[in-house]
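Q: Shown below is the structure under consideration.
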Amino acid sequence: MTRAIEIVEVGPRDGLQNDPANLTTEQKLEFIARLEAAGVTRMESGSFVSPRAVPKMADSPAVFAGLDRTRHTKHIALALNEKGVRRAIEAGASEINFVLVAGEGFGTRNQGMRPMESAEALIHSAPLVHEAGIPLSATISVAFGDPYDGEVDVEILKDLAHAAERARATELALGDTIGVATPWEVHARFDAVRATAPDLCLRAHFHDTRGAGLANVYAAIQSGVDIIDASCGGIGGCPFAPAATGNVATEDVVYMLHRAGFETGIDLDAMIETAKWLEGVLGHGISSALSKAGTFPPRR
Ligand code: COA
Ligand code: ZN
């Protein structure tokens, strides 16, 4: 029996928010269209945060206005506060992904909130999302470690998961914003969150900063997670995380999963082509392995 794994492409948001390149709105829309042509059906297409905090996402309203709505792709908007939720709904987001934070050091710098303040902000903003009739998901950032405070207690994750339940979010991601997770910790944290909040769908969000990205994807899937965030080319990172690097690369994750018999609905060759196109547009090298090595077995 084949198991389907849903890939949530985060390149247009997490990928581009911290890249040195400044893509035009038209180039972002072409990136999104290429991802859709490669089979992506759900992606983070922008974020509705302070343009002073993240200038590269300042044109997200224009990006959402330019989306091809005939394709029925789920275009997720990232938001961290009520103002962001309102702006995202107005822009026609198909879904809101709200950012919770597990560490105080990162939380105060990234979004001016401590962990439980981010939980309150979610609970406060959630009714707007439900009134708009679109799905609400949440991502716990720095869920495996905080760049300023160090280790993050798993109890915080449980408290935040309960807040996500109270807000009637349907899905919760554990985000390794700074790439410090190990496969064993992935098992432990997903199992703990599932045990405390069994009705939430779980999603995994890994950055490959310290070389464990794909191993962590494997561990999450072994822990029963069916939804994986990834970014084309492996680009990206958070401007508020020191030495941040990109997400696990979509083409590397898809390659590994297809080799093992999982289904993702993504055309691997088209994703590799998109990564190569992106490399040209960005004007610098990208980190993914498949964009360099190509797929296997060789195409005849
Ligand atoms: N969209 C646009 N502008 C926003 C905003 C939003 N969602 N939320 C707040 N602002 C504006 C306010 O209107 C205010 O503008 P003004 O100075 O012109 O009056 C300014 O930002 C500061 O607002 P304030 O409520 O005092 O927030 P803050 O300074 O504590 O910043 C955030 C909080 C969340 C707005 C800010 O930290 C932020 O946008 N962070 C984003 C971080 C991020 O995206 N990281 C990567 C993804 S995890
Ligand atoms: Zn991220």
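Rule-based calculations on the coordinates, nothing more; no lab input. What you are looking at is a predicted structure, and each value in this text was computed from that prediction instead of being measured. Positions of Cβ are backbone-derived with ideal geometry, glycine not excepted, and every protein chain shown enters the neighbour counts.
Q: Please go through (1) within 14 Å of ligand 1 (Cβ to nearest atom); (2) assigned to a helix (DSSP H, G or I); (3) not aliphatic (A, V, I, L, M) for Arg52 and return the number of the only condition it doesn't satisfy.
A: Here Arg52 meets the rest and fails (2).
Q: Here is a further query. Could you please find all residues in the range 4-22 being assigned to a strand (DSSP E or B) and surrounded by fewer than 20 Cβ atoms within 10 Å (Cβ to Cβ)?
A: Answer for the range 4-22, where residues must be assigned to a strand (DSSP E or B) and surrounded by fewer than 20 Cβ atoms within 10 Å (Cβ to Cβ): Ala4, Glu6.
Q: Moving to a separate point now. With the structure loaded, tell me whether Glu90 is charged (D, E, K, R) and closer than 27 Å to Pro115 by Cβ or whether it fails that test. Write out each step before concluding.
A: Working: charged (D, E, K, R): yes; closer than 27 Å to Pro115 by Cβ: no.
No, not satisfied.
Q: Out of all the residues in the range 260-273, is one or more free of Cβ contacts under 8 Å to residues at least 40 places away in the same chain and within 15 Å of the chain's Cα centre (by Cα)?
A: No, the conditions are met nowhere in the range 260-273.
Q: Can I ask one more? Please go through the range 234-259 and give me each residue that is more than 16 Å from the chain's Cα centre (by Cα) and surrounded by 19 or more Cβ atoms within 10 Å (Cβ to Cβ), ordered by number.
A: Residues of the range 234-259 more than 16 Å from the chain's Cα centre (by Cα): 242-243, 255-259.
Tyr255, Leu257 - these are the residues of the range 234-259 that are more than 16 Å from the chain's Cα centre (by Cα) and surrounded by 19 or more Cβ atoms within 10 Å (Cβ to Cβ).
Residues are listed down the side, and each one gets a yes or a no for (1) more than 23 Å from Pro135 (Cα to Cα); (2) within 16 Å of ligand 2 (Cβ to nearest atom):
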| site | (1), (2) |
| --- | --- |
| Thr24 | yes, no |
| Ile32 | no, no |
| Ser47 | no, yes |
| Ser50 | no, no |
| Pro55 | yes, no |
| Val63 | no, no |
| Gly66 | no, no |
